[in-house]
Amino acid sequence: MKRVFSGVQPTGNLHIGNYLGALVQFVELQEDNHCLYCIVDLHSITVEQDPAILKEHILDIASLYLAVGVDPKKSIVFVQSTVAAHSELAWVLMCNSYTGELSRMTQFKQKSKDSESAPTGLFCYPVLMAADILLYDTDIVPVGNDQKQHIELTRDLAIRINNKYGETFVVPDGRFLKESARIMSLDDPTSKMSKSAESEASRISLLDEPARIKKAIMRSTTDSEGSIRFDVENKPGVSNLLNIYSSFSGKGIEEIEAQYEGLGYGAFKKDLVDIVVEGLSPIQERYRDIRYSNELLDVLREGTEKAEAIASQTMKRVSERFGLGI
Ligand code: AMP
Ligand code: TRP
């Protein structure tokens, strides 16, 4: 069995892009791999957070993991800050990474460009991510394309340390989502659906009520041509809606195109509303059962224990290799 690790930041609620792009894969992977799914709260404080809201978001995301089908009997679900070894290993890795390579990370460049005083944590963000991954002898990291550079850095660090100090880390591979799995913003289909976009109309959150889902889909940007046809270049809005329709219904794009031949956007969008509402309803129901239950806290505590057991082995090895401790 391969070891799989992935993490999601507890900033805002997950949207259907996260679901179709990442969570569906998480659920599939747990069938024949040993998976760890982490809520990376330490990463989220690289940007200022309201403490009370952060706490809620951590539990929201954990509940959503379980609601979409991540099974705590198969996978380890835990919160990053509850396993101290993430921060410990990050320090060791920081001592082996160069300011030059971290300055070249595009995410850091983007997030720090308007600010004279970017926090050091933002600069070291990719090193903490490398620690998350290397701590568990991870083979595969399922993530979005935007994380490619961070995975490369993780591999570089693992190889660098293995060469210098002897075999210490497993060198992980990224498993990147296909471009077609990218769900685009509903009001600007040329940019990715994102948690942080200001416009609420741009996304559908997994916990949205039917009325909001309806509003978002009915108002979504299309084009003036009027035909339901997959053509990302010329019809990005309709193509995005076709992708969402196909993912939620399990029907192929061509089958959907044929079904709506000669019909207008109105009928298509109306059906899509029903399909998305129906698709999200069992997730929302399970979410409501889990979110305020003792079961949730039990799962997370157990996750911490299981993760710690693996992490402490790695840290023992790291300490030995580096000559740390007594
Ligand atoms: P983020 O919301 O950026 O923290 O991403 C969490 C996970 O969801 C990552 O694996 C992303 O690749 C994935 N993801 C985020 N936005 C989208 C999107 N619009 N379409 C598909 N996958 C996405
Ligand atoms: N940086 C990732 C993102 O924004 C989140 C993350 C943190 C992560 N640690 C990780 C993803 C380890 C995979 C593995 O999406």
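The values are calculated or read from the model by the stated rules, or taken from the named source; none is laboratory data. Not measured: the values here are computed from a predicted model. Methodologically, a virtual Cβ is constructed for each residue, glycine included, from the backbone with ideal geometry; neighbour enumeration extends over all protein chains shown.
Listing for the model above:
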{"item": "Residues within the range 165-182 that are away from ligand 2 (no atom under 16 Å from the Cβ) and either touching a Leu at 6+ places or on another chain (Cβ under 7 Å) or free of Cβ contacts under 8 Å to residues at least 60 places away in the same chain (or both), tallied", "result": "3"}
{"item": "Complete set of residues in the range 244-290 that are of a type in the set (Asp, Glu) and more than 18 Å from Ile228 (Cα to Cα)", "result": "Glu278, Glu285, Asp289"}
{"item": "Tally of residues being more than 22 Å from Pro282 (Cα to Cα) and either more than 13 Å from ligand 1 (Cβ to nearest atom) or crowded, with 21+ Cβ neighbours inside 10 Å (or both) across the range 11-41", "result": "9"}
{"item": "Those residues of the range 186-202 which are more than 8 Å from ligand 1 (Cβ to nearest atom) and under 16 Å from Asn243 (Cα atoms), in sequence order", "result": "Leu186, Asp187, Asp188, Pro189, Thr190, Ser191, Ser202"}
{"item": "Test: residue in the range 295-313 that is among the aliphatic types (A, V, I, L, M) and not in a helix (DSSP H, G or I)", "result": "no"}
{"item": "Only listed residue being buried (at least 20 other Cβ atoms within 10 Å of the Cβ), more than 20 Å from the chain's Cα centre (by Cα) and either of a type outside the set (Val, Ile, Thr) or within 13 Å of ligand 2 (Cβ to nearest atom) (or both), chosen from Leu128, Leu93", "result": "Leu93"}
{"item": "Unique match (being polar (S, T, N, Q), without any contact (Cβ under 8 Å) to a residue 24 or more places away in the chain and within 26 Å of Lys148 (Cβ to Cβ)) among Ser115, Ser97, Ser81", "result": "Ser115"}
{"item": "Residues within the range 1-30 that are over 16 Å from Tyr136 (Cα atoms), among the β-branched types (Val, Ile, Thr) and part of a strand (DSSP E or B), tallied", "result": "1"}
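Table: residues versus (1) among the acidic types (Asp, Glu); (2) within 30 Å of Arg203 (Cα to Cα); (3) in the same structural domain as Ser44 (by TED's automatic domain parsing).
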| residue | (1), (2), (3) |
| --- | --- |
| Asp71 | yes, yes, yes |
| Ser75 | no, yes, yes |
| Ala84 | no, no, yes |
| Glu88 | yes, no, yes |
| Leu122 | no, yes, yes |
| Tyr125 | no, yes, yes |
| Leu135 | no, no, yes |
| Gly144 | no, yes, yes |
| Thr168 | no, no, yes |
